[in-house]
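Structure first, commentary second.
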Amino acid sequence: MDWYMMNCELLATCSALGYLEGDVYHREPDCLESVKDLIRYLRHEDETRDVRQQLGAAQILQNDLLPILVQYHEDKVLFDAVIRLMVNLTQPALLCFGKVPADATSRHHFLQVLSYLQAYKEAFASEKVFVVLSEKLYNLLQLDWEQRQEEDTLLIERILLLVRNVLHVPPDPTEEQGVDGDASVHDRVLWALHISGMDDLLKFLASAQVEQQWALHVLEIISLMFRDQSPEELAALGQGTAGAEHGEDTRELETLRQRELAEKRARALQRPSRHSRFGGSYVLQGLKSIGDRDVVFHKGLHNLKSYTHDLGKEPRRVPRHRQAAPETEASRRSARNVRLFLCHFCQDFLEGCYNRLMLLVKDQLVREKAQQHDETYYLWATAFFMAFNRRHGFRPELVSETVGVRAFHFIEQNLTTYYEMALMDKKEATTWARRMHLALKAYQELLRTVQEMDRSPEQAVRDSSQVIKSNIFYLMEYRELFLALFRKFDETRQPRSFLRDLVETAHLFLRMLERFCRGRANLVVQSKRVRRKKNKPRAPAAPAPLSAAELEQLWEGLAPQLQACLEGEVPLPEDVVPFDAASETPVEEQRAEALLRIQECLRDSRVPQALRLLRSAREVWPEGDVFGAADAGPPEESRLLREILVAPLPRHAAAEPEEPEEEEEEEDEEEEQTVQVSEKEFNFLDYLKRFACAPVVRALVLLLRGYARNSARTNHCAARLLHRLARDLRMEPLLFQLSLFALFHRLLSDPAAAAHQELVALAKFILGKFFALAATNKKAFVELLFWKSPAAVCEMTKGYSSLQEGEGTTRSRVPPWTPQEEQELRELYWKYKEVEGGDVIAAILAHLPTPGRTRKQVVKQLVRMGLASSAKDFPRERKGTRIVLWTQEQEEELTRLFEEFQGSDDVLGNIMKHLTARRSRARVVEKLLGLGLVAQRKELYKKRRRKSHGPGPGQVAKGVPATPAQDSSGEDEDSEEEEDEEDEAEEGPMEEHWVPEEGAGQDLARRLHQEGLAGPLRWLENCLRRVAGDREEDGVSHPVPLVPLTEENEDAMEDRRFQTLLRQLGLRPPASEQESFWRIPAALTPQQLRRVAASIAHRGPSGSPQDLPEPPRCPQDPAPEPLPAGLGSDSESEEPVPVPVPVPSPVQPRTKRRRELASEDEDEDGEGSGTDPAPAAPCSEEDEEDEDPQPRGRRKRIRCLEEEEEEEED
């Protein structure tokens, strides 16, 4: 960015800082305020980080801030402000942008900020700057906790953050292209840090007891200091092995020189002795060109080996998502003096700081006091310093904090977490792979440290090693870890360095495990097995009928327990409900089911439940004394239970469950996963067989493709793993793969193959085994094209029929199809193939002689036999989609059935019974409307016939469930439930035709009155009489809701016995979710309402009604004459004083009302009362409020129905 494009205000602020004259910086009077203004500007920068870029282009940090920091460090306020500004300017670019931007514009800004950070880092490579920072930090650390202020603590943290930010800046690959041993910018910063004594302060912070809060800061700085270093090289340098290092370089150069000489000799042999001006043309026999002829080669013979069909072709571009993951490790050797300083730092850190610092960091990680992903610094420190200690005079006591079973568990847990997150978080899979690589290297160093402990001369150290190995080899998680990493390795997400460390760690683990098993005859390890149990819905089996003798014997055994329950010695359960309110079956139809439940409880010896169920059912269904009379005593209840036990009650036949199909099992069945932990004897070869799979071999081949760049140890580990699979397991065909053979060809033709003798020996061994097998198995050449499993290896060596004979390792669980079964399947397929509208597979399964075959097996066999191209030829029928359109014949059939049953009581029901195609009621109704056969849906409702005489509730025979008069309405409701929600009629079918019988509900009302429900009964009677008077006066009938306003009436409306009374009286329950209250149907005439009200009125000994208050008036009615308090009080709020009041006349003149209220929140009307009022009773405040025509503070909302203007026919 150009300096002259800088913002004016920002430019003026930077100019007010001061100016540099030679090596002396002169600050302006407003220097401090200018620094604070810059901090404020950075706080409000946009998403492109424009302020940061302008300050970077102006080189404010190099030309102003650093000189101010060096020359004016005594000014505490200015020094603090400059440190704050530099911490903000040097923060990593990833923190500024959140992540590496994907679009070009944002990425350009990101790279621009990164370039300015690299310039800042170069400016910090100055001893003067770090001397000032070290002195200031030293002075602050000299203060005791009592003297240290909050500003001092903040300054310590900012200095540490500034050092962290400077070390975090990555190198510039375009600028730093020096060879190993040259001093880079990072090396110069480290050297300045070392000269200033900052490294000693870091070691003090890591070891001091009172400076525990800086543990993570220190560990992060140390990890950035050793970012480009190798612990093995540092350890070798510390032991004074410079000659060994020089010798390693010499050997590497010698290998390159030998390869170059070999190539020269090969070219000399290929060049002819006499130069020919014409190269000539040759025919390559056996190598076909594009046509059928052989290839004609127009170059010299010395170029023949480089011939390929891809000559002249444009190389195929690899998509970005398929490109190999880039390497994140920078292999570079720093200057020798820097490496010496770092080596001494490692020694001092291990001896005085490592164990304590790692303990503090792990404690903060476990307690979640650290920031997210700070455990990566812990994993890096574990791998780095344990590797340095292992190579630099191994002393296990220096790393005792990170050696143990707990360390293995912590690292394995994090490694597993990273592995799972890499599989789930696809967008950040590369980041999770880097973290997984850190955990893998830490795990590798733990194994190497334990291996080194086995070689220790101290017996205690070797015993500790045996304890650790016995623990990690015993647990299954540690053994299965490498298999999971191999199987999920993805070269597009994980770099080759991860694969290299994975192969080396797996080789080390297998070697340690093999040696551990070698000295033990029987090694027992832990084994975990996950069992998945599918809960298939099974129909309950019908119990076998009991004989009369068995029932009599059962009753004799139940008699003592029943006697104890009847006498109250055994408590009865309270949670027994005789019906299911949520069931689609009406409550009345559940009476027979209640009898069955009582019988089942008795036959299962659950007498308390049976007795409680009997008493609860008696309260719900008191009609006909099916469950006994209301005043039944213990002898009567005992007799009823005995009759129910021996009665041959009809039972519902259990529906036969359909055969579950394999594809539906995964969706409909629930799986229960249980982990079974057991112990078993460990066999090393059986464990090694787990590695004999295609993913492991593919990963090893991928690593060996770069054998020339790999280290000798990496090639040895990969070759040793392949040798274990081929030689130890005797699975040489597992390595018969074309890509591996191409690698062997390149290796054997390499002039420098002498440096890879182990790989050459493996290649010759595998090729010899292949050609020996190819002599007997001609299909071996075709098998080269595929990665193989142990089953395929068994087939290649023992014959391709071995698996079918049951000799393979992965024997199929599906029984094979015999020739006879295949012939029967073919005949059935051709027989039912041409049947239209039928399921071919279902028909085949029904007629297949061999039982146990599933739909999936039959479909697969048909595809295998060539009778079908794929499984898509046999689509599965979905529920509700078998018949979609109406054919012409079906429409004609529907029209004929409608004309036939048009005059019947249940038109729709009769049509559904005689309809050939299975359709839902809603679809039939829609089709009838579409054909124009009916105009409205309510024309299809089931008609109700008026009955003048009928059997009363007491005429129902015992033992047979009585069917109340409103059951027909319940059936109609059930029929309507199958239709769509929008099919609701304007008037419910329950209130159209049914008329309550004379004297209905008298017995139940009498029992309810005796049980304390006199108040709700009087309220119900008043409502009925008031609605009757309103309908006579207005001449219009509307459904009127019953709104209870007191707790007593509300409890009564929720009582099942009271609801049964309402049903017997002809009242309608809430028809849908939009209704909340019971309603008085519009079909009931005033005479019927008065007759119903008289039937529930309480009668005294003389047979006349008693305690009948007059109906309440409406709030819109004119106020009546003042009444005494005793008569004017609400019957719901207080118990009225019993006063004999005559029954009001049937017709009472009233003014027309605009609203109808089915409640008793108003005062009672006193018209028609010719008696003198009784003495006034004391009234409470609630009574006074209730007497108000429009009461305030009601607890229940009153639903009002607007009266229609037009009159409707009754």
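In this structure, the amide hydrogen of PHE297, modeled 1.01 Å from its nitrogen in the peptide plane, lies closer than 5 angstrom to those of TYR282, VAL283, LEU284, counting only residues at least 5 positions away or on a different chain. Among the listed pairs LYS798/LYS833; LYS99/LYS441; LYS778/LYS860; LYS36/LYS362; LYS313/LYS778; LYS36/LYS427, a Cα-Cα separation exceeding 32 Å is found for LYS798/LYS833; LYS36/LYS362; LYS313/LYS778; LYS36/LYS427. Gain on full extension, evaluated as 0.36 nm per residue between GLU21 and VAL782 minus their Cα-Cα distance, stands at 265.9 nm. The peptide list 33-46, 308-321, 124-137, put in order of mean Cβ contacts within 10 Å with the highest first, becomes 124-137, 33-46, 308-321. For LYS943, the lysines whose Cα falls under 19 Å of its own Cα, not counting residues fewer than eight places away in the same chain, are LYS913. Inter-label distance, GLN147 to ASN471: 4.5 nm, where each label sits 7 Å from its Cα along the C-beta direction.
Taking the centroid of alpha carbons for each part, the range 495-509 and the range 351-371 are 28 Å apart.
Under 5 Å between amide hydrogens, built in the peptide plane, is the criterion, and for LEU1042 it picks out TRP1078, ARG1079, ILE1080 among residues at least 5 positions away or on other chains. Across the range 480-491, computed HN-Hα scalar couplings (Karplus, 6.51 cos²θ - 1.76 cosθ + 1.60, θ = phi - 60°) run 8, 5, 5, 5, 5, 5, 5, 5, 9, 6, 10, 5 Hz from first to last residue, x flagging Gly and Pro. Using a probe radius of 1.4 angstrom, the carbon and sulfur fraction of the accessible surface of the range 28-155 is 49%. Per-residue extension of 0.36 nm, minus the Cα-Cα distance of LEU931 and ALA119, leaves a gain of 283.8 nm for this segment. Per residue, the range 1-144 exposes an accessible area of 51 Å² to a 1.4 Å probe, with every protein chain left in place.
Database remark: amide H of GLY18 closer than 5 angstrom to the amide H of GLU28 (H placed geometrically; neighbours at sequence offset of 5 or more, or on other chains; Pro and chain starts carry no H). Checking every one of the trypsin sites (Lys or Arg not before Pro) in the range 343-376 against DSSP loop status and a limit of 15 other Cβ atoms within 10 Å picks out ARG367, LYS369. Treating r as the C-beta distance of SER904 and ALA647 and R0 as 30 Å, the FRET efficiency rounds to 0.25. Could you compute the FRET efficiency for ASP200 and ILE39, with r as their C-beta to C-beta distance and R0 at 30 Å, rounded to 0.05? Efficiency, rounded to the nearest 0.05: 0.45.
Using the Karplus relation 6.51 cos²θ - 1.76 cosθ + 1.60 with θ = phi - 60°, the per-residue 3J(HN,Hα) values for the range 1047-1053 come to 5, 5, 5, 5, 5, 5, 5 Hz, with x marking Gly and Pro.
Taking a point 7 Å from the Cα of ALA324 along the Cα-to-Cβ direction, the residues of the range 694-708 with backbone N closer than 16 Å to it are 698-708. Each Lys or Arg adds one and each Asp or Glu takes one away; over the other residues whose Cβ falls under 15 Å from the Cβ of CYS346, this sums to -2.
Hey, how many Å between the Cα centroid of the range 1018-1066 and the Cα centroid of the range 912-930? About 38 Å separates the Cα centre of the range 1018-1066 from the one of the range 912-930. Phi-derived couplings, Karplus 6.51 cos²θ - 1.76 cosθ + 1.60 at θ = phi - 60°, listed residue by residue for the range 760-777: 5, 4, 5, 5, 5, 5, 5, 5, x, 5, 5, 5, 5, 6, 5, 5, 9, 10 Hz, with x used for Gly and Pro. Treating r as the C-beta distance of GLN1087 and ALA842 and R0 as 45 Å, the FRET efficiency rounds to 0.15. Pairs from the list LYS299/LYS779; LYS76/LYS121; LYS488/LYS689; LYS469/LYS769; LYS264/LYS764 with a Cα-Cα gap above 29 Å: LYS299/LYS779; LYS469/LYS769.
The values are calculated or read from the model by the stated rules, or taken from the named source; none is laboratory data. In this text the structure is predicted, and so the values were computed from the model without any measurement. When we count neighbours, we look across all protein chains shown, and the Cβ atoms used for this are built from the backbone with ideal geometry, even at glycine. Each accessible area value is taken on the protein alone, full model and side chains, heavy atoms only, with ligands, DNA and RNA left out. Shrake-Rupley method; radii C 1.70, N 1.55, O 1.52, S 1.80 Å.
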